[in-house]
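Written below as structure tokens is the structure these notes are about.
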Amino acid sequence: MRERPLWLRRLSSAADLAGRVFRHRWSRRVRVAVAVGLTGITGAMIGVMLFARADLNVGPFSAEMSVAPSTAGGTEIDIPPLGSLHLDSHRGPVHLRVALGSLDQSRTEALIDNPTAITTAGDRAAEEVVSGVTQLALRALGLAVAGGLLLGALAFRDMRRTAAAGLTALVVTGGSLGLAAGTLRPDSISEPRYEGLLINAPAVVGDARRIADNYGKYAEQLQAILGNVSRVYSTISALPVYEPAGNTTRLLHVSDLHLNPASWGLIRTVVETFEIDAVIDTGDIVDWGSSAETSYVASIPSIQVPYIYVRGNHDSTAIQAAIGRQSNAIVLDDGLTEIDGLTIAGIGDPAFTPDKSETNQAGDNAGPELHTAAGEKLAQTIRDAGKPVDIALVHDPAMAQPLSGLVPLVLAGHQHRRSVQMLPAPTPVEPGPSASAALPPSPSAAAVATPPIATRLMVEGSTGGAGLRGLEKEEPTPLSLSVLYFDENRELKAYDDIRLGGTGQSNVEMQRKVVGLEPEPEPEPTPTPSVIGAS
């Protein structure tokens, strides 16, 4: 008989050795142990994922907690339909999910009407959350063991192996929960990541007019909730949601679009979401003021509400004329208009610097005195109006000081950064001795004399992210705009500062400021004109 090749003999020997190893009792025990471990882990995951839930009450809310296997850990708080908060609360293979559900009307009313209950609600809410998490952990542990035992019984039909699968489930689940508890980060509550839509912002923060009118009712409640997430959400939800009041006027302040096409979509979204009555644009809608840029302003009619505009130092008279031809545009250049009972005055920036090929009345000799003169010109127009003016519009904040004491609010732009301040009160001019002797005080003039008005200057950031120049720095300039709320007495009640990440970014921030709830900003020195062409 012919002898088999060497390689075939070696292969046969290796197969015989593998067979003996496979049939060895220790090898068999390893295979059984692996099968038992996988069965226990699989049963634990099935039990936890399908049944590990706990219902609890947090303040006036009903909530459901659940856990699931995860590679990154963390906590997710679902706030339907507004979005979700994600917290880096812990490490480990366990992810906690909290779904806030319905609001109990009776508990909410009791919380609002009882100041004592409001004061202690935070402590109770914290205890309720801790109790709920503990209850959920115990339930998850029990369900994991039950899942491991049940799947082990179905797979092995052997008491010892079934018990081993249950023990594996207990060890793995207990170790995962212990790891999560050991890596807990309580301060993660101050660093949440929000996922949601901008259109939900009004529903989250409520209606400014009604919040301001009901401040006395909610003051104690608001003060009591600052430190606790559950109380913050409970109070925001208990406050009036976005139900527009008939006597509230909403104006959207934009500025310095600088040819950014993304600005129009953002403005339309905010106009529709916040039910804006009119848009105010304080200039620099383009970059160079050239005739070729007039097509950019053709998007103004898509806003579908009045669009009030004053010229900026990047806008030529050709751009101003193109805006004036838009069906819903109102151009103010030393003039007045009225929107929902609000009287608005405005004047264009006298400086035109970016493109010398386009003519402008300011020419090339613009300087600080020109801005002051333009502000004084608008101030005289307001004095001659014969009626109170509620808002004055300028582009450069340096034009605002002559308006101090004449109007309660001045809106400006130009600086590409948001700021709010009170203008210094105007210095009264005392007549000289000769004038006093020649012209005795008039009783009628004394009768109509009124004290000067406190004037707030609100400078908007760049709604266009400063255009292309916004990309010159490592961090792009954010897109900024503000919603202003006025009551039936034409008084500013609140404003929302909206800020989006610069070009190419998508993060959104919104901050509500209610006038009167915080100390007024201190008067600052008179703004001086910026370097011509810098903004």
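The numbers here are math on the coordinates, done by the rules we state, and not lab data. From a predicted model like this one, the values you see are computed outputs, not experimental measurements. Every residue, glycine among them, receives a Cβ derived from its backbone with ideal geometry; neighbour counts consider all protein chains shown.
Please sort 171-182, 41-52 by packing, taking for each peptide the average over its residues of neighbouring beta carbons within 10 angstrom, highest first. Write out the running numbers ahead of the final one.
Working: 171-182: 17.4, 41-52: 20.6.
Highest to lowest by the protection proxy: 41-52, 171-182.
Using packing as a proxy for protection, rank 395-401, 159-165, 370-376, 298-304 so that the peptide with the highest average count of other Cβ atoms within 10 Å comes first.
395-401, 370-376, 159-165, 298-304
In nanometres, what is the gap between the two model label sites at Asp88 and Gln511, each 7 Å from Cα along Cα-to-Cβ?
Inter-label distance under the simple model: 2.3 nm.
Around Leu409, under 11 Å between beta carbons, what's the net of Lys plus Arg minus Asp minus Glu among the other residues?
Its environment carries a net charge of 0.
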